[in-house]
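Visitor: Can you read through this structure? Questions will come right after.
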Amino acid sequence: MMRDMRDWLDGYSLHHQNPINQLLHWLCVPPIVWSVIALFWVIPVPMALAQPGAWAVLTIVVVFFWYWRQSRRLAIALLITFATLAFFTHFLYKFLGATRLCYLALSVFVVAWIGQFIGHHFEQKRPSFLTNVFYLLIAPAWLMEKLLRKLGIPTSFT
């Protein structure tokens, strides 16, 4: 049986009840998402085939379609967020170059994940992705769903 987004979010919420853990997720998940986009951005691509960042854009498109199957409004909100992060990454790539962007992204990734594990120390529960790797996709959706709800925008799970 295929899980729907409500099931994923409810399962994720079970591991994220502690207010400190929740705060650390708000502080750490967005930088982790950016760092993953940036790391995919610097993967070399033959210039004859595509521009730098092609792997990041391809990944965003694939992930978007997975979210789209779950909730269209949530998928659109996440796509806007990911596209904004991709544009930011494009400018950093132009300014820093591939090597420095890679080191920056790796540093942000490590520090943000340390924050995540500190949060789970307070939660006294293992991170959800250790039970199912798809929870790595749910973390940004979980935050976005909370943000949309605060803004009064329904996520219309399909």
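The values are calculated or read from the model by the stated rules, or taken from the named source; none is laboratory data. Because the structure is a prediction, the values reported are computed rather than measured. Neighbour counts are summed over all protein chains in view; Cβ atoms, including those assigned to glycine, are modelled from backbone coordinates with ideal geometry. Only protein heavy atoms, including side chains, enter the accessible area calculation; ligands, DNA and RNA are left aside. Shrake-Rupley method; radii C 1.70, N 1.55, O 1.52, S 1.80 Å.
Visitor: Taking a virtual spin label 7 Å from the Cα of ILE153 along the C-beta vector, which residues in segment 76-92 bring their backbone nitrogen under 18 Å of it?
Guide: Residues passing the 18 Å test: 76-87.
Visitor: Counting only heavy atoms of protein chains, what accessible area per residue, in Å², does segment 1-145 have with a probe of 1.4 Å? Don't skip to the answer; put the middle values down first.
Guide: Working: 8190 Å² over 145 residues.
On a per-residue basis, segment 1-145 sits at 56 Å².
Visitor: Per-residue HN-Hα couplings for segment 20-26, Karplus 6.51 cos²θ - 1.76 cosθ + 1.60 at θ = phi - 60°, whole Hz, x for Gly and Pro?
Guide: Couplings: 5, 4, 4, 4, 5, 5, 4 Hz.
Visitor: Let me check against my output: what whole-number percent is the relative contact order of the chain, with C-alpha pairs under 8 Å and at least 6 apart? The partial results should precede the final answer.
Guide: On the way: 164 pairs, mean separation 64.6, N = 158.
Here the relative contact order equals 41 percent.
Visitor: Once you have the Cα-Cα distance between HIS121 and LEU27, take 0.36 nm times their residue separation minus that, and quote the gain in nm to one decimal. Mind dumping the intermediate values first?
Guide: Working: separation 94, 0.36 × 94 = 33.84 nm, distance 1.57 nm.
Roughly 32.3 nm would be gained on extension.
Visitor: Ok, one more. Rounded to the nearest 500, what is the 222 nm mean residue ellipticity of the chain from helices alone, with -39500 (n - 2.57) per DSSP H run of 4+ residues and division by all residues?
Guide: Details: 5 runs with 117 residues, N = 158.
It comes out at -26000 deg cm²/dmol, rounded to the nearest 500.
Visitor: Something else about it: In whole Hz and in residue order, list the ³J(HN,Hα) couplings for segment 39-47 that follow from phi through the Karplus curve 6.51 cos²θ - 1.76 cosθ + 1.60, θ = phi - 60°; x for Gly and Pro.
Guide: 5, 5, 4, 8, 5, x, 9, x, 4
Visitor: State, to one decimal in nm², a quarter of the convex hull surface area for the C-alpha atoms of segment 1-114, i.e. the direction-averaged projected area.
Guide: Details: hull surface 33.8 nm².
Directional mean of the projected Cα hull area for segment 1-114 stands at 8.5 nm².
Visitor: Now for a different question. Could you derive backbone 3J(HN,Hα) for segment 90-106 from the dihedral phi with the Karplus parameters 6.51, -1.76 and 1.60 (θ = phi - 60°), listing whole Hz in sequence and x where the residue is Gly or Pro?
Guide: Here the 3J(HN,Hα) series is 4, 5, 5, 4, 5, 7, 9, x, 5, 5, 5, 5, 4, 5, 5, 4, 4 Hz.
Visitor: Another one. Within segment 49-158, what whole-number % of the accessible surface is contributed by carbon and sulfur, with the 1.4 Å probe and all protein chains included in the calculation?
Guide: Numbers: 4790 of 6600 Å².
Carbon and sulfur atoms account for 73 percent of the accessible area of segment 49-158.
Visitor: Grab the Cα-Cα distance for LEU106 and VAL133, subtract it from 0.36 nm times how many residues apart they are, and report the gain in nm with one decimal. Could the numbers behind the result be given before it?
Guide: Values: separation 27, 0.36 × 27 = 9.72 nm, distance 2.01 nm.
Answer, rounded to one decimal: 7.7 nm.
Visitor: List the residues whose amide H sits under 5 Å from the amide H of ASP4, counting only those 5 or more places along or on another chain, with H placed 1.01 Å from N in the peptide plane.
Guide: For ASP4, whose amide H was placed from the backbone, there are no distant partners under 5 Å.
Visitor: Just how far, in whole angstrom, is segment 88-151 from segment 57-78 if you go by their alpha carbon centroids?
Guide: 17 Å
Visitor: Who wins for biggest fluctuation among GLN17, GLN51, GLN70 in a Gaussian network model of the chain, springs between alpha carbons below 10 Å?
Guide: With Cα springs under 10 Å in the chain, the top fluctuation among GLN17, GLN51, GLN70 is at GLN51.
Visitor: Name the residues whose placed amide hydrogens come within less than 5 Å of the amide hydrogen of SER71, ignoring near sequence neighbours (fewer than 5 apart) on the same chain.
Guide: It is THR158, by chain and number.
Visitor: To continue, here is another question. In the neighborhood of VAL42, defined by Cβ-to-Cβ distances under 15 Å, what is the net charge if each Lys or Arg adds +1 and each Asp or Glu adds -1? Intermediate results must be reported in sequence, preceding the final value.
Guide: Numbers: positive: LYS94, ARG100; negative: none.
With Lys, Arg at +1 and Asp, Glu at -1, the neighbours total +2.
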